[in-house]
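Before any comments, here is the structure.
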Amino acid sequence: MMQSMILFLVAFLVGADELMLGSILEPIGNDLSVQPSQVTLFITAYSLAIAICAPYLGRLSDRVGRIRIMVPACFVFGVASITTGIVHDFELAIATRVITGIASAGMLPIAFALAGDAKGNRAMRQIVMVQAGLTLGMITSPAIGALLTQLLSWRAAFIILGVAALFVGAMSVVSMNNKHNESKKSDTLPPITDVIHLPGALRAILAMCLGLGGGIGVFNLIGLHIRDTSDLALGWVGAIYAALGIVSVVGNMCVARASRWLGSSRAVMRVALMVCIPCSAWVFSNEMSTVTAYLPALVLWSLAGGFGSPALQAHIASLSDEYRGVLMSSGMSMMHFGVAIWSALAGFAYSVGNEWVAVVALLLFGSAVVILKPVGNTEQSERYS
């Protein structure tokens, strides 16, 4: 129980860090004497660091053990976040964000791998807890960041996040260091490029890029589309995102049952993607002036995403016990690359015409469905089904 809570908190911290900046770009820019648009480099520096470093830290965790990577990463994350809240030089702040991204690469992917190391059905439950923590962190952090900035300062948001990470790191030292079984450590590991040749690995990792990364990139445009087609205030748009996030958490909690019903977590992800295709088409192919016309599709889309994301993580975790760390981390890395690439593509498509976003979504989700299709009788059984 304690391990599940710690993994939940680790994922919550990383999720909060990823999206907290969205609501406080302007005060950061004003304080550091740069344009708010330049503050987006905070996001870029962080995302590139986690995308590049995650596979290597995941591979290292397969060799030396998960705890030996995740616990120090929590402390580095905490110190780097606190430093971000203290520095007064923009370039130095960018450097602290790079360090935070590297630390996150040793936290979230390792937390998923650690959850997947559990025995039997407990693995799926722990993966769901990690995904729920990530989702809650992402949906609550914009409001938390804005509130702390309004009451105190944007610096307080980073300092409090850093202190929380130090606390979680200390909890991990006390509760997990001597209890987690890391007897499956491997002294000799193949290069990262060889691991993707494991049966099903390359297709699953590509699905992380296309399905999850693409889904996040397209989903981020929903608020802009609603604002452009209705008179809804910005605060209400934020509330809609928060409500949809809660719907996603409901999906997270039900994924184990769905996996048993459909036969595998891979099948759950494929069905979720099939649901996302018509939902995205409905939202972006129409220009309705009332937000209620979008709500049924948005709720269904969020619910499908809540089912699909942990299901794909569980599928990747089931591909190999020995190389789970590098597999999970490579998937997370590709997801971040996907978010960066497909967000830009979806944004360009939206500038041409909102219906083109639906086309982009169809191509991304459809490609992921095809990639995840089982090949002959080679699909291995999943111990998390």
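The values are calculated or read from the model by the stated rules, or taken from the named source; none is laboratory data. Given the structure is predicted, the values throughout are model-derived calculations rather than measurements. Reconstructed Cβ throughout: ideal geometry from the backbone, glycine too, with neighbour counts over all protein chains shown.
To keep it simple, each residue is scored yes or no on (1) among the small types (Gly, Ala, Ser); (2) surrounded by fewer than 24 Cβ atoms within 10 Å (Cβ to Cβ); (3) farther than 24 Å from Leu114 by Cα.
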residue	(1), (2), (3)
Met253	no, yes, no
Cys276	no, no, yes
Thr290	no, yes, yes
Tyr294	no, yes, yes
Ser302	yes, no, yes
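Listed by position, the helices (runs of 4 or more DSSP H) inside region 283-371 whose residues that are within 18 Å of the chain's Cα centre (by Cα), over 30 Å from Arg59 (Cα atoms) and not assigned by TED's automatic domain parsing to the domain that holds Ile127 number at least 3 are 295-317. Scanning region 322-341 for residues that are surrounded by fewer than 24 Cβ atoms within 10 Å (Cβ to Cβ) and within 16 Å of Phe219 (Cβ to Cβ) returns Val339, Ala340, Ile341.
Specify which of the listed residues (Ala51, Ala45, Ala16) is at pLDDT 85 or above and either among the polar types (S, T, N, Q) or under 18 Å from the mean Cα position of the chain (by Cα) (or both).
Within the list Ala51, Ala45, Ala16, the selection yields Ala16.
Residue under question is Gly116, and the condition is that it be in the same structural domain as Thr44 (by TED's automatic domain parsing), of a type outside the set (A, V, I, L, M, F, W, C), closer than 29 Å to Asp31 by Cα and out of contact with any Leu (no Cβ under 6 Å at 6 or more places or on another chain); does it hold?
No.
Regarding Ala256, is this residue under 30 Å from Leu60 (Cβ atoms) and either hydrophobic (A, V, I, L, M, F, W, C) or at pLDDT 85 or above (or both)? In short, yes.
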